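One structure is given below, encoded as structure tokens.
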Amino acid sequence: MSRTRIVGTFVFGSLGMALGLALLRGGGCGRMPEVSGAGWWFEVAVQALLFGALFTGVEVLRAREAAQRAFVPASEDAPHLADTPPDPAPPPPLPAPDPEAAAEALRQARIAEAAETEARWEDALMAWNAVIHATPSAAQVVRAYVRKALILDEHLARPDKAAAHLERARGVDPARAGLLGVRWVELLVRHAQERRARDAMAQVRAAPITPAASAALLLCEAVLAHRAGVPDLERALLAQAVALDPGVAADLDAEGLLADVQTTLGGIRLVHDPGEDDDAPA
């Protein structure tokens, strides 16, 4: 019930009551004590206001009950509708291929590669940015993000920003999120960012990943256990990794522990680096 309607109901009830009392007492038909002058009008006004307040309260309650009854059929008569989630919105249509944008992305990728060859890292980053903004295919965008992450990590000593680029790449191509996630976790482990690495592992494992990617994550977790000085946990994680990927056994020593942490992380990085996939622009 709106505020305007409440005020109108109160005024209408009060005036109606005042008019009724005035007519009743003026005609001499009332049984209440007669009061003359200002006192008479004061008593009428007080009673009218009390009646208006009572009348307004009753109307507010009636309006609230009517509103509640209006929603009963949706929850009681058709409970299955309340329990059924709404249909998801259809995905937006894919943009039509733009030959000019694809050609520009390819040109910028070649500029970036040439800049990397000449160790002009800032120029390479700018060119890879141009590839991303040219809106090419998802594979080209992923490659640009991964190459930027590699430059930031290896040549500009900015691992935090490199990790952020790998995380963005996972959102561009969900089909390769597991592969990119392994690369992301490896970077965080290599830079001893344990808390962030464990959070990243949980995110990567939340989606389906290949056995090889699962083995790589177990290797990363074993590196953390190795650094923490927990050999039993390290050995157990490595045994699980070998069960998923027998090739992992090459990284172990005679006691079933990691022979060399840096070699292990380097192997993960080489095998699970999506920056040089065969779907990159030629």
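Just so it is clear, none of the values below were taken in a lab; they were calculated from the coordinates. Everything numeric in this text was worked out from a predicted model, so none of it was measured. Glycine also receives a Cβ, built like all others from the backbone with ideal geometry; neighbour counts cover every protein chain displayed.
Applying the selection to the range 242-273, what residues are in contact with a strand residue (DSSP E or B) (Cβ under 9 Å, 6 or more places away or on another chain) and surrounded by 15 or more Cβ atoms within 10 Å (Cβ to Cβ)?
Our first condition is that a residue be in contact with a strand residue (DSSP E or B) (Cβ under 9 Å, 6 or more places away or on another chain); within the range 242-273, this holds for 242, 251-252, 258-259, 264.
Scanning the range 242-273 gives Val242, Asp251, Leu252, Leu258, Thr264.
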So which residues in the range 203-230 are surrounded by fewer than 15 Cβ atoms within 10 Å (Cβ to Cβ) and over 31 Å from the mean Cα position of the chain (by Cα)?
Arg227, Ala228, Gly229, Val230
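Pull up the range 242-267, narrow it to residues that are among the small types (Gly, Ala, Ser) and part of a loop (DSSP other than H, G, I, E, B), then point me to the one that is farthest from Glu221 (Cα to Cα).
Of the residues in the range 242-267, the ones among the small types (Gly, Ala, Ser) are 243, 247, 249-250, 254, 256, 259, 266-267.
Filter once more, keeping what is part of a loop (DSSP other than H, G, I, E, B): 254, 256, 259.
Values: Ala254: 20, Gly256: 15, Ala259: 15 Å.
Going through the qualifying residues, I end up with Ala254.
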